[in-house]
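Some notes on the structure that comes next.
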Amino acid sequence: MRFLILSDIHGNIDALDAVLARAPQESYDRLLVLGDLVGYCANPNEVVERIFELEPDAVIRGNHDKVCSGVESADNFNRIAGEAARWTIKALTPANKERVAKLPSGPTNVDKDVEICHGTPFDEDTYIFDEDDATKAFDAMHRQICFFGHTHVPVAYVRKGSNLTVVHPQPGGPETTVVNVLKRSRYLINPGSIGQPRDTDQRASYATYDSKKSRIEVRRVPYRIDLAQQRIVEAGLPESLAFRLGLGR
């Protein structure tokens, strides 16, 4: 079974299109989406429609999805995130706002080996930033492999017994980082963000998993950042959101 795993698109249609061009539908069997379809960038409707057209096998909500669809308030957001969320609430069509509002919370068990969440397996809004956070998440997992998002930083945590190792794809490095799946190990994998990477690598980030080959790949794809930046500025969103895309922060 071949999986395509997407996370944290954040309304960036240019980045999403670049990823889907690199990973067309015939290249995978199942599509998993880890939340935050919207927020920050200027094309929330196009992103929502594109994702739903692909009919994901599993899609869950992120914290921006909740706020931008009116499920929760923006009280916990910083000023820029809150401003972007309020813009997105107005920009979303009623139909797309309803679609986003109805997205289920994670975690979700995909099959006997794979589960997905936005933040952690025990709380959809909690971040996994380091090994201590990963240890708590491993203790809450129900499957061998858990794909998570939220931090916008691609990383693989691997636990075998009491040993925990971390694989960080190198910013600006090879387009593909490989993690081989071994039977006696468990895996927490963040595919990184498509729409707003924060590891100083400007390229859109996503993951694939081939269960037959026991192989996970975190992949980077260049895209027209200048177009995404132009859309942000022309939409009247905070210019800092355009600037950070160029920094990968």
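The values are calculated or read from the model by the stated rules, or taken from the named source; none is laboratory data. Everything numeric here is computed off the predicted structure, so don't read it as measured data. Reconstructed Cβ throughout: ideal geometry from the backbone, glycine too, with neighbour counts over all protein chains shown.
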| query | Restricting the first residue to segment 34-52 and requiring it to be modelled with pLDDT under 95, which pairs with a second residue that is in a loop (DSSP other than H, G, I, E, B) meet a Cβ separation below 6 Å and a spacing of at least six or different chains? | reply | none
| field | Residues (surrounded by 21 or more Cβ atoms within 10 Å (Cβ to Cβ) and either charged (D, E, K, R) or touching a Lys or Arg at 6+ places or on another chain (Cβ under 6 Å) (or both)) located in segment 55-71 | value | Arg61, Asp65, Lys66, Ser69
| field | Cβ-Cβ under 9 Å pairs, at least 6 apart or on other chains, segment 171-192 side at positive phi, far side assigned to a loop (DSSP other than H, G, I, E, B) and exposed (fewer than 13 other Cβ atoms within 10 Å of the Cβ) | value | Gly172/Thr200
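Please go through segment 35-65 and pick out each residue that is over 26 Å from Gln230 (Cα atoms) and either in contact with a Phe, Trp or Tyr (Cβ under 6 Å, 6 or more places away or on another chain) or not hydrophobic (A, V, I, L, M, F, W, C) (or both). Working first, answer last.
First pass over segment 35-65, keeping only residues over 26 Å from Gln230 (Cα atoms): 54-61.
Selection gives Glu55, Pro56, Asp57, Arg61.
When segment 201-219 is examined, which residues are found to be of a type in the set (D, E, K, R), farther than 18 Å from Ser185 by Cβ and more than 13 Å from the chain's Cα centre (by Cα)?
From segment 201-219, those of a type in the set (D, E, K, R) are 201, 203, 210, 212-213, 215, 217, 219; that's our starting set.
When the remaining residues are screened for being farther than 18 Å from Ser185 by Cβ, the result is 201, 203, 219.
Of everything in segment 201-219, those that are of a type in the set (D, E, K, R), farther than 18 Å from Ser185 by Cβ and more than 13 Å from the chain's Cα centre (by Cα) turn out to be Asp201, Arg203.
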| said: Looking for something among the hydroxyl-bearing types (Ser, Thr, Tyr), under 29 Å from Lys183 (Cα atoms) and in a loop (DSSP other than H, G, I, E, B) - is there at least one such residue anywhere in segment 108-117? | reply: no
| Residues of segment 198-232 being in contact (Cβ under 8 Å) with a residue 60 or more places away in the chain, in contact with a strand residue (DSSP E or B) (Cβ under 6 Å, 6 or more places away or on another chain) and of a type in the set (Gly, Ala, Ser), which ones? | Ala204, Ala207
| field | Members of segment 91-130 found to be surrounded by fewer than 22 Cβ atoms within 10 Å (Cβ to Cβ) and β-branched (Val, Ile, Thr), listed by number | value | Thr93, Thr108, Val110, Thr126
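With the requirement that a residue be polar (S, T, N, Q) and outside any loop (DSSP other than H, G, I, E, B), what does segment 125-170 give you? Let's see the steps before the verdict.
Let us first name the residues in segment 125-170 that are polar (S, T, N, Q), namely 126, 135, 144, 151, 162-163, 165, 170.
Hits for segment 125-170 are Thr135, Asn163, Thr165.
Has segment 231-246 got at least one residue that is out of contact with any Gly (no Cβ under 8 Å at 6 or more places or on another chain), within 22 Å of Phe3 (Cβ to Cβ) and either modelled with pLDDT under 95 or of a type in the set (Val, Ile, Thr) (or both)? Break it down stepwise before answering.
Filtering segment 231-246 down to residues out of contact with any Gly (no Cβ under 8 Å at 6 or more places or on another chain) leaves 231-246.
Imposing the further condition that a residue be within 22 Å of Phe3 (Cβ to Cβ) reduces the set to none.
No: segment 231-246 contains no residue that is out of contact with any Gly (no Cβ under 8 Å at 6 or more places or on another chain), within 22 Å of Phe3 (Cβ to Cβ) and either modelled with pLDDT under 95 or of a type in the set (Val, Ile, Thr) (or both).
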